[in-house]
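Remarks on the structure that follows.
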Amino acid sequence: MNNLYYKPSGKVNPISIVYLLLAICLGAPILAFIYTYAILWIPFIYLNFLCLAGIAFGLGFVANFVVGFGKVRNAMVAAIFGLLVGIAGLYVSWIIWLAHHFGQAYMDIALNADVIINEIGYANEEGTWGVGRSGGLVSGTILSIIWIIEAVGMIGIPVFFAFSKAGEPYIENDDNWAEETLIGPFEIVLNQTALKQQLETKNYEELLAIAPAENAGQGSHTILQLHHGENRNQAKEFYLTVKNMIEKRDKDGNLDFDEKPLISFIHISKEAGQQLLAKIISDATVVEN
């Protein structure tokens, strides 16, 4: 509790290994199967990139599930879990693709690393698909770059999701992830440095005096994200994230916001946390997630 900001305990629940094995043996292969056959039968390369985004985020959610339900509070272990989930998805995808491309049985390829390497090299040299009606087959360096982008997406996103989840506040006394209450909108915070200095010195006067936004959230405003135990009214441990929501308009003129975090997961006192929760009633300013 002496730390100003939340710091993961580094603990790893043994059950997370079971979830990881399920993700590697079931979740990732199912996603890889859907993705691979989608890109095999969709003739448009641009849609294939949408498919890549789909499986990358799908694997990311699988990795997030493993870390979340497995209660992994060790960022490096979580990143390794995400790495393994991503590799599993990429590996199965390659097995399916090579089996289809060369007309072989899955297991004949899956259990032979030399075959995988040789067939990938051959496919790269000969080319596999073309762009446009009159375009030649894409091969060599360009095809390698596309495959690298695919690998980075399918592995990088799960690593990011898993690593990020492990860094979220976990209430050790409750043995569970912190719940979140979004409070606001408030008048936008203009001086990030001053806010940070105040909170780091445990001066909550200006934070607690922050006024509700006059625009009711229809313009730029600030949101307070309070992290706490399961029963927020009896919670003893609180962490705070402050975000500015910057107003913008899309091309059709519709209102949207850019999220700008000002401070993340800073520990605040129990008294300050309860007073922020009291603003829900006094100012009627709360957005439940």
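Where a number appears in this text, it was derived from the coordinates with a stated rule and is not lab data. Here the structure is a predicted model, which is why all the values come from computation and not from measurement. Note that we place each Cβ from the backbone using ideal geometry, even for glycine, and neighbour counts take in every protein chain shown.
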| Share of pairwise Cα separations in the range 141-222, more than 18 Å, in percent | 69 percent
| task | At 7 Å along the Cα-to-beta-carbon direction for both GLU200 and ASN173, put a label point, then send me their distance in nm to one decimal. | result | 2.7 nm
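With n ≥ 4 as the cut-off for DSSP H runs, can you work out [θ] at 222 nm for the chain, using -39500 (n - 2.57) per run divided by the number of residues, rounded to the nearest 500?
Taking each H run of at least 4 residues, the total per residue is -16500 deg cm²/dmol.
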| Near the amide H of TYR5, under 5 Å away, which other amide H atoms are found, from residues 5 or more places off or on another chain, if H is placed in the peptide plane? | HIS267
| said: Just to verify a number: FRET efficiency for THR193 and PHE69, C-beta to C-beta distance, R0 = 30 Å, to 0.05? | reply: 0.20
| request: Calculate how steeply helix 113-126 sits against the longest principal axis of the alpha-carbon atoms of the chain, using the helix alpha-carbon long axis, and give the answer as 0 to 90 degrees to the nearest 10. | output: 80 degrees
| query | Angle, helix 45-69 long axis vs. longest principal axis of the chain, Cα atoms, 0 to 90°, nearest 10? | reply | 50 degrees
| task | Extending each Cα 7 Å along its Cβ direction at ASP250 and LYS270, get the distance between those two points in nm, one decimal. | result | 4.6 nm
| message | Sort 231-239, 29-37, 110-118 by packing, meaning the average of other beta carbons within 10 Å per residue, with the highest value first. | response | 29-37, 231-239, 110-118
| Just one of (1) 44; (2) 62; (3) 58 is percent of Cα pairs over 26 Å apart as worked out from the coordinates here. Which one is it? | (3)
| request: Would you list, by chain and number, the lysines whose Cα falls below 22 Å from the Cα of LYS11, excluding same-chain residues fewer than 8 positions away? | output: LYS71, LYS165, LYS236
| Can you list the lysines whose alpha carbon sits under 22 Å from that of LYS248, skipping same-chain ones fewer than 8 residues off? | LYS260
| message | Could you derive backbone 3J(HN,Hα) for the range 268-274 from the dihedral phi with the Karplus parameters 6.51, -1.76 and 1.60 (θ = phi - 60°), listing whole Hz in sequence and x where the residue is Gly or Pro? | response | 10, 5, 4, 5, 5, x, 5
| message | Starting from the 7 Å offset along Cα-to-Cβ, what nm value, one decimal, do you get for the label separation of ASN118 and LYS7? | response | 5.4 nm
| Can you run phi through the Karplus equation (6.51, -1.76, 1.60; θ = phi - 60°) for the range 246-262 and list ³J(HN,Hα) in whole Hz, with x for Gly and Pro? | 8, 5, 8, 10, 7, 5, 9, x, 7, 6, 8, 9, 9, 8, 10, x, 9
| task | Starting from the Cα of LYS243, draw a straight line to each of the aspartates and glutamates and keep only those under 12 Å, dropping any in the same chain fewer than 8 residues away. | result | GLU187, ASP258, GLU259
